[in-house]
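Reviewing the structure listed below.
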Amino acid sequence: MLVSNSLPRILTRCGPWIDERLVAALARLDDPTLPIAEINRRLGVVAEGLGLIRPSYQQVRVIVHELRSQRRSSRVGETLFQIAYGMRTQEQILRVLTGS
């Protein structure tokens, strides 16, 4: 924690990069039903527990979107494979594609 002499407030430290351990923790913490702000708060607790600087909300947001996009991409590919081989019903395919 940083304390500034000129300002009567406490400033927290945020780094411009994110440690790979935090990216791994973020992948485990991510829950699409939670707002990214809540995931960011939880990751901050993990960072402090590891003695690392809390990542900025912007960093967390970008990484969460990337992780979710990768998950969607793999589900779509798997679904296309299953469509090609008739392994799923139309209802199941729609559920996967809509994320419900």
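We did not get these values from a lab; they are worked out from the coordinates using the rules stated. Worth saying up front: this structure is predicted, and the values here are computed from it rather than measured. Counting neighbours? That spans all protein chains shown, and the Cβs are built from the backbone with ideal geometry, glycine included.
Modelling each spin label as a point 7 Å along the Cα-to-Cβ direction, I'd like the Arg88/Leu67 distance in nm, to one decimal.
If labels sit at Arg88 and Leu67, their model points lie 2.3 nm apart.
Among 59-68, 26-35, 43-52, 82-91, what's the highest-first ranking by average C-beta atoms within 10 angstrom per residue? Spell out each step's value before the answer.
Values: 59-68: 16.6, 26-35: 13.0, 43-52: 15.0, 82-91: 10.5.
Answer by packing, highest mean first, reads 59-68, 43-52, 26-35, 82-91.
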